[in-house]
1. So what's the gap between the Cα centers of region 113-152 and region 1-63, to the nearest angstrom?
2. If the chain between THR94 and ARG125 were fully stretched, how many nm would it gain, using 0.36 nm times the residue separation less the Cα-Cα distance?
3. Which of the chymotrypsin sites (Phe, Trp or Tyr not before Pro) found in region 46-149 are in a DSSP loop and have at most 16 neighbouring Cβ atoms, other than their own, within 10 Å?
4. From the convex hull of the Cα coordinates of region 2-149, what is the mean projected area in square nanometres?
5. Test of understanding: ordering ASP28, ASP60 by Cβ neighbours within 10 Å, fewest first, what list do you get?
Amino acid sequence: MDQFAELLEFIKTYGAPVVLLWAVLETDLVFLVVGALSHSGYLNPYSCFPAAIAGALLHDTIVFWLARNRADWVRARKAYQNLAPSLEKFAKKTGPWQISLCRPLYGTRYPTIIYWGLQSLSYPRFYAAVNAGLLPWAAFLATIGYKLSHYIYDFDDWLAEAKNYIFGAVVFAIILYILKRKLSRKTVPVAVPDKSVTSTPPTENIS
């Protein structure tokens, strides 16, 4: 695909700044991509991997800072009130290292960082806990990406072949939906007599 080749060329040209910005916005997939493109020669791992680490750290710092400085607003949210009991229970067992332990567990990192931000955890302890989880997790994801880099090109070829079928399926689904709407409008409901109301035949008075 021409678009795919252009994307790879763009990443190769700008390298670390693109990876840094990506990691500020998203902190998992970026490491897979860095590993895969480093193996393919599109990225320099010695500059891009640290850039991804820095971006992910900045991402978590922003979440932590917002929780520390908007504590009243966060505590008033119903979503946090529902999660707080389970977070507190886990925090009593692990302490701030809860931040590092939750890194691989999808959906738990943000609530945990917010929780410790609300506890006014110091920044040195926060960075120690974050890096203890971030560095090994990032290395693991980058290694997976490095080992599976050849699948990027296989996926690109598959997508180039499948895009016409996907477009056709979407058009077909739209046509079926339109036909269904039109047929439902033309259907006239038939009145069904109420069987619960039965007429009683007149009885003859036999004297």
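The numbers here are math on the coordinates, done by the rules we state, and not lab data. Keep in mind the model is a prediction, meaning the values are calculated, not measured. All Cβ positions, even for glycine, are placed from backbone atoms using ideal geometry, and neighbour counts span all protein chains on display.
1. 15 Å
2. Values: separation 31, 0.36 × 31 = 11.16 nm, distance 1.34 nm.
Gain on extension, THR94 to ARG125, equals 9.8 nm.
3. Details: sites: TYR46, PHE64, TRP65, TRP73, TYR80, PHE90, TRP97, TYR106, TYR115, TRP116, PHE126, TYR127, TRP137, PHE140, TYR146; in loops: TYR106.
Sites meeting the loop and neighbour criteria: TYR106.
4. The orientation-averaged projected area of the Cα hull of region 2-149 comes to 9.6 nm².
5. Values: ASP28 15, ASP60 22.
Ordered by Cβ neighbours within 10 Å, fewest first: ASP28, ASP60.
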